[in-house]
Amino acid sequence: MENHNYPKITIVTPSYNQAEFLERTILSVINQNYPNLEYIIIDGGSTDGSVDIIKKYEEHLDYWVSEPDNGQSHAINKGFDRATGVLLNWLNSDDILYAGTLHLIAHYYNLHKDEHVFYGDRTILDKDDRVIGINEGPSFKKWESKYFLKIPQETTFFTRELYLKVGGLNNELHYTMDVDLWTRFLEVCSFVHIPYFLGGYREHHLSKSIEVFGPNKRSDKAQKEIIRYQQLHGSKIGRMPKIRKLLFIANQLRLVMEKSSKRRRLEVEKIGEIISGM
C-alpha cells in the first residue's frame, strides 16, 4: 500500500487491574508496525502495577490516563472522545490483536470505502496464551441479529463517522455494550466479514464471559442486563433453546459451504499474501 492509503486507525484500551495481561495487549498493538496508528489507554486507577507497565510503553502512546471512571463503557467513550482516526477499535486489556491485523483492516477499508464496519474471526485464549477455542463464522446476514449477534468485539473496526452518528457506547451498559452498539450500527449499515483470525479473546476467572455465561453465573446484574437486551432487540422465537440450536446448526452448515467455495478460498489466499508481504 502507498503511504496515503494507510487510513488513521485509533485503538483504545480500557484498563483496570489486569497487569497480568496488559503488557501482552500493548505489545500486540505496537508490534503491528502500522504507520498511521493512534493508541490510547484509559486506565481506571489501577493499583496492581498496570500504571508502571503503561509508563514503560508511553512513548508509543498518543494519550494515557489513570483515574477513576464509571466503568468500561465510560472508559472507552473517554478514549474515543479523543480519537482522531478514520477507523476505531477498542481492545480490552486482556485481549490481543494478531500480526498484520491493522494492515488487513486498512486493505479492506480501501476496497470498500462505502462500508463502515469490518470484523474478523477470533481465537479464544487461556491465561497462558494457549488456544482453547475459536469463533469462526460465515458471512454475516442482517436478519440473524434478531436471533444471535455474535460479532467478535476485539476484531471489529468501525468508522469514527458511524460511531458518532449512533451516539457511541451506552455508559449504563457493562455487559451488553458491544452488541447494543452493533444493533445500532445495523440500523444504518451492513458489516463486512474478513474470513481470517484477527485477534484473541482471553478467558480467565475474572473475564466477563465467565461471569455471564460460566457455570456459576456469578452476577445477577449481568443476567438482568442480558435479559433486558434480549427483550429490547431480540426475537421471542429466537430465545427458544431448540430454535437457537437449529439456527446454530444452520449457521455452521453455511460456514462449511462458504469455506469450500472458490470465492472464499481465493479471498483467504489473498489475505495470506497481504500478511506475508508486510
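Since every read-out is calculated from the coordinates, none of them should be taken as a lab result. Just so it is clear, the structure is predicted and the values come from calculations on it, not from any experiment. We place every Cβ from the backbone using ideal geometry, glycine too, and count neighbours over all the protein chains shown.
General observations
- Here the calculated FRET efficiency for HIS204 and LYS262, from their Cβ-Cβ distance with R0 = 30 Å, stands at 0.15, rounded to the nearest 0.05.
- Within the stretch 28-128, trypsin sites (Lys or Arg not before Pro) in DSSP loop having at most 15 other beta-carbon neighbours inside 10 Å: ARG82, LYS113, LYS127
- Calculated from backbone phi, Karplus (6.51, -1.76, 1.60) coupling profile of the stretch 94-110 in Hz, x at Gly/Pro: 10, 10, 9, 9, 8, 4, x, 4, 5, 5, 5, 4, 4, 4, 5, 4, 5
- Under the Debye formula (equal points on every Cα, no solvent term), log10 I(q)/I(0) of the stretch 1-124 at q = 0.09, 0.13 Å⁻¹: -0.24, -0.50
- Efficiency of FRET from Cβ geometry, LEU27 and LYS127, R₀ 25 Å, rounded to 0.05: 0.95
- Simple label model, 7 Å out from Cα along Cβ direction - LYS165 to HIS60, nm: 3.3
- Separation in nanometres of the label points that stand 7 Å from Cα toward Cβ, at LYS142 and THR84: 3.5
- Structure remark: mean-square fluctuation, Gaussian network model of the chain, C-alpha springs under 10 Å; the largest value among ASP128, ASP69, ASP94 belongs to ASP128.
- GNM flexibility winner over the chain from GLY45, GLY85, GLY120 (Cα, springs under 10 Å): GLY45
- Relative contact order [Cα under 8 Å, 6+ residues apart], the chain, whole percent: 20
- With viscosity 1.306 mPa s and temperature 10 °C, the Kirkwood radius over alpha carbon pairs of the chain converts through Stokes-Einstein to a diffusion coefficient of 82 µm²/s.
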